[in-house]
Amino acid sequence: MSATISSRCLPSPEFATFTESSFFSRNGPDAQLPLPEDVRARSATQSKWTQTGVQPARFQELGLVVKFGRAPRVTVAEGQCLWALRRALPNFPVPEIYGWTHDGGDVFIYMELLHGVTLEERWETLGQTERSSICAQLRVLVTSLRSLQQTPDDESFLGHVNREPLGDIIFTDNETRPPAGPFQSVAEFHDWLSLQIRTGLEVHWPGKQPCEIPDPYRDGLPDDAAVTFTHGDLHPSNIIISVDSPCRIVALIDWRQSGWYPDYWEACKAYYTAEVGGEWMEKYIPLFIDEPACIDAFDDYARAFGY
């Protein structure tokens with residue numbers, strides 16, 4: 001029987017502290033998660049602003065890392081996703097979630113501080129055998145993730161785990177674009193994609209509305225694709241591996257773009273974010289996920305969105 005996730009059974013998006021988590025068993029039942037002002041202060045001593053926002057604050061003494069910021073870069077949906085995955089797939093390697101809160105417009109997600117390095121950091125030191133082993137482990141994880149099902153009492157949808165709009169960076173980098181869902185079907189999602197890339201082209205098609213402008217890519221998207229749970233950014237920078245050998249995957253991180261997508265999305269994003277012609281794209285991605293037939297259409301839409 002397949003594991004399931006229900007959007008109806010997620011913890012409150014407003015505030016959550018998981019007292020049964022290892023944070024409290026490790027630090028004592030009277031331990032407290034750092035206040036938002038303490039998180040900001042710690043972050044200020046550790047990192048600076050980057051193009052993607054503030055880096056998470058690390059509390060080594062507590063075995064804790066806190067990801068914080070504003071939507072769409074940081075949302076409670078990511079914390080709810082980690083909570084759901086740990087329960088639906090207990091052996092799936094993701095950071096343990098300790099809680100979340102809001103303060104001053106920012107979302108704070110309290111998570112396990114992992115011991116390891118990113119695959120990106122260690123890649124050049126790995127031999128072919130270890131690289132292939134990591135990809136074999138990834139294939140098992142991707143297969144496990146794709147086996148997840150929505151519960152029968154949860155009407156089928158495409159969206160974040162909590163039924164919020166999809167958070168893929170392709171959609172969320174432009175704040176003027178309407179929310180990506182949630183959608184009731186793959187066809188509805190594809191129609192939304194199609195309408196978005198035609199909106200604004202009216203100047204080139206006098207007298208026509210966006211929905212009347214031809215879309216040369218639409219037929220390349222398969223409306224009969226299954227809906228599967230998707231990480232959305234299987235880049236080496238989001239794969240934490242062990243420092244020692246034999247090399248093993250410690251966790252997959254950065255689930256902010258995750259959710260229920262058409263089954264081709266995971267592979268298309270992995271290929272699209274890889275260096276064109278590089279060995280990760282040409283040799284290693286095919287070891288953990290199959291290239292879908294619609295990859296060219298996906299690329300066309302991603303470029304049309306300006307990604």
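Just so you know, all these numbers are worked out from the coordinates, no wet-lab data involved. Treat the numbers as computed from the prediction; the structure is a model and nothing was measured. So basically every Cβ, Gly included, is an ideal-geometry build from the backbone, and we count neighbours across all protein chains shown.
Got the relative contact order for the chain handy, in percent, Cα pairs under 8 Å and 6 or more residues apart?
Working: 508 pairs, mean separation 61.0, N = 307.
Relative contact order comes out at 20 percent.
With charges set only on the Cβ (+1 for Lys and Arg, -1 for Asp and Glu), what does the dipole of the chain come to about its Cα centre, in debye to the nearest 20?
Details: 25 positive and 43 negative charges, 137 e Å.
Once rounded to the nearest 20, the dipole reads 660 debye.
State the answer as a single residue: which of Cys135, Ala274, Tyr264 lies farthest towards the positive end of the charge dipole of region 115-307, with beta carbon charges of +1 for Lys and Arg and -1 for Asp and Glu, about the Cα centre.
Final value for the positive-end residue is Cys135.
Set the Förster distance to 41 Å, then compute FRET efficiency between Asp219 and Phe15 from the Cβ-Cβ distance, nearest 0.05.
0.35
Once the piece of chain linking Glu124 and Ala71 is laid out straight, how much longer is it, given 0.36 nm per residue of separation minus the C-alpha distance between them?
Numbers: separation 53, 0.36 × 53 = 19.08 nm, distance 3.40 nm.
So the chain would gain 15.7 nm between Glu124 and Ala71.
So for each of 199-208, 153-162 I average, over its residues, the number of other beta carbons within 10 Å; can you give me the resulting order with the highest mean first?
Details: 199-208: 10.4, 153-162: 18.5.
For the peptides 199-208, 153-162, the packing ranking is 153-162, 199-208.
For an R0 of 25 angstrom, estimate the FRET efficiency from the Cβ-Cβ distance between Val243 and Ser22 and round to the nearest 0.05. Kindly include the intermediate steps, with their values, before the conclusion.
On the way: r = 21 Å, r/R0 = 0.83.
Between Val243 and Ser22 the formula returns 0.75.
Are there any trypsin sites (Lys or Arg not before Pro) in region 5-106 that are in a DSSP loop and have at most 10 other Cβ atoms within 10 Å? List them by number.
Details: sites: Arg8, Arg26, Arg40, Arg42, Lys48, Arg58, Lys67, Arg70, Arg73, Arg86, Arg87; in loops: Lys48, Arg70, Arg73.
Of the trypsin sites (Lys or Arg not before Pro), the ones in loops of region 5-106 whose Cβ has at most 10 other Cβ atoms within 10 Å are Lys48.
Kindly provide the GluC sites (Glu not before Pro) of region 209-287 that DSSP labels as loop, not H, G, I, E or B, and whose Cβ sees at most 13 other Cβ atoms within 10 Å. Before the final figure, lay out the partial values.
Working: sites: Glu212, Glu266, Glu275, Glu279, Glu282; in loops: Glu275.
Of the GluC sites (Glu not before Pro), the ones in loops of region 209-287 whose Cβ has at most 13 other Cβ atoms within 10 Å are Glu275.
What value, in deg cm²/dmol to 500, does the helix sum -39500 (n - 2.57) over DSSP H runs of n ≥ 4 give at 222 nm once divided by the residues of the chain?
Details: 10 runs with 92 residues, N = 307.
The helix-only estimate for the chain comes to -8500 deg cm²/dmol at 222 nm.
Set the Förster distance to 30 Å, then compute FRET efficiency between Ala136 and Arg87 from the Cβ-Cβ distance, nearest 0.05.
Values: r = 26 Å, r/R0 = 0.86.
Calculated value: 0.70.
If each residue's Cβ is checked for other Cβ atoms within 10 Å, how do Glu164, Glu20, Glu291 rank with the fewest at the top? Numbers along the way, then the final one.
Numbers: Glu164 21, Glu20 7, Glu291 14.
Going from sparsest to densest Cβ surroundings: Glu20, Glu291, Glu164.
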